[in-house]
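Note sheet for the following structure.
The values are calculated or read from the model by the stated rules, or taken from the named source; none is laboratory data. Note that the structure is predicted; figures quoted are calculated from it, not measured. Positions of Cβ are backbone-derived with ideal geometry, glycine not excepted, and every protein chain shown enters the neighbour counts. These area figures cover heavy atoms from the full protein model, side chains too; ligands, DNA and RNA do not enter into them. Shrake-Rupley method; radii C 1.70, N 1.55, O 1.52, S 1.80 Å.
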Amino acid sequence: MADASEVKARLRAQIAAIESGRSAFAEEPREAAGCSDPSEEPRSVDPVAVAAARLEELAERKGSVPAGATALDGVFEAARSRQHAAAPDPVEGGGGPGESERAFRKIERLALAREQASASLRERLARDGFSESAASAAVDRALACGLVDDARYAEVLVRSRVSQGRGAQGIAAELDGLGIDIAVVPGWPDEFPVDHDSEVDRALALLERKPPRAKNKRDAAYRRLAQKGFGASVSSTAARLWAEAHADEPF
């Protein structure tokens, strides 16, 4: 199993290959978003390749692909849909090429640890002292190469939050705070347990795992569920059912 330094080295090699037009994932250059090397003329690259390399390295490192990445073709569909979009030159921006490159390497390290949202990356780079122009250039470059993908991030986050027992309303609000429409998640909402009955079941399971301690069980349960992102109807139904089932228990 590869260690962190090996993963990073392989990722950088793959990014370099793609940005010079020599993707290891294809014999022929593909028309795609260009992450061009400033020392060369723009070349065609494959924005899916970096994402594929990163997920495969993570699979080797962790023993399994990240949540939601059950098939690479499905995970990279959003990246493929952008293949004809023009990408900015990674050296442009008021912060200069050195700062932009450092910001991109910061993104690389963060993306190796877990999926990232572009909005949160811009905020993180700003907190770390990078100029707005350098941060923007670095994030745009990462998006164009497929190293960062908001749709992929959204799918991973939704699956994670659902498995944690969070409500659909709260999950959608969390994504909205990052400027991501939950509708980009494949199969949402039909293929997720977020219909009323399923949400009530998950809400009850959450209350059983972490029962609220208060004299008024129903109100406490309702507040707990609302805090976890369940809607008013689901919270009300589940709180009533749970309180009735535990009516004889001391608080």
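Overview of values
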| quantity | calculated |
| --- | --- |
| Matching residues, segment 168-198, being over 23 Å from L143 (Cα atoms) and charged (D, E, K, R) | D190, E191, D195, D197 |
| Qualifying residue in segment 185-196 (condition: over 30 Å from L121 (Cβ atoms) and not in a loop (DSSP other than H, G, I, E, B)) | yes |
| Verdict on D190 being open to solvent by 60 Å² or more (accessible area, probe 1.4 Å) and at pLDDT 95 or above | no |
| Residues that are free of Cβ contacts under 8 Å to residues at least 60 places away in the same chain, open to solvent by 50 Å² or more (accessible area, probe 1.4 Å) and not in a helix (DSSP H, G or I), drawn from segment 222-251 | A247, D248, E249, P250, F251 |
| Residues of segment 117-129 satisfying the condition of being open to solvent by 40 Å² or more (accessible area, probe 1.4 Å), in contact (Cβ under 8 Å) with a residue 12 or more places away in the chain and either of a type outside the set (D, E, K, R) or in contact with a Lys or Arg (Cβ under 9 Å, 6 or more places away or on another chain) (or both) | R124, D128 |
| Residues of segment 164-181 classified as touching a residue at least 40 places away in the same chain (Cβ under 8 Å), farther than 18 Å from S118 by Cα and either of a type outside the set (A, V, I, L, M, F, W, C) or in a loop (DSSP other than H, G, I, E, B) (or both), total | 5 |
| Among residues of segment 151-182, those that are of a type in the set (D, E) and open to solvent by less than 40 Å² (accessible area, probe 1.4 Å), counted | 1 |
| Test: residue in segment 199-213 that is part of a loop (DSSP other than H, G, I, E, B) and touching a residue at least 40 places away in the same chain (Cβ under 8 Å) | no |
| Residue check, R213 open to solvent by 10 Å² or more (accessible area, probe 1.4 Å) and touching a Phe, Trp or Tyr at 6+ places or on another chain (Cβ under 8 Å) | yes |
| Filter result (open to solvent by 30 Å² or more (accessible area, probe 1.4 Å), touching a helix residue (DSSP H, G or I) at 6+ places or on another chain (Cβ under 7 Å) and under 28 Å from E115 (Cα atoms)) within segment 193-210 | P193 |
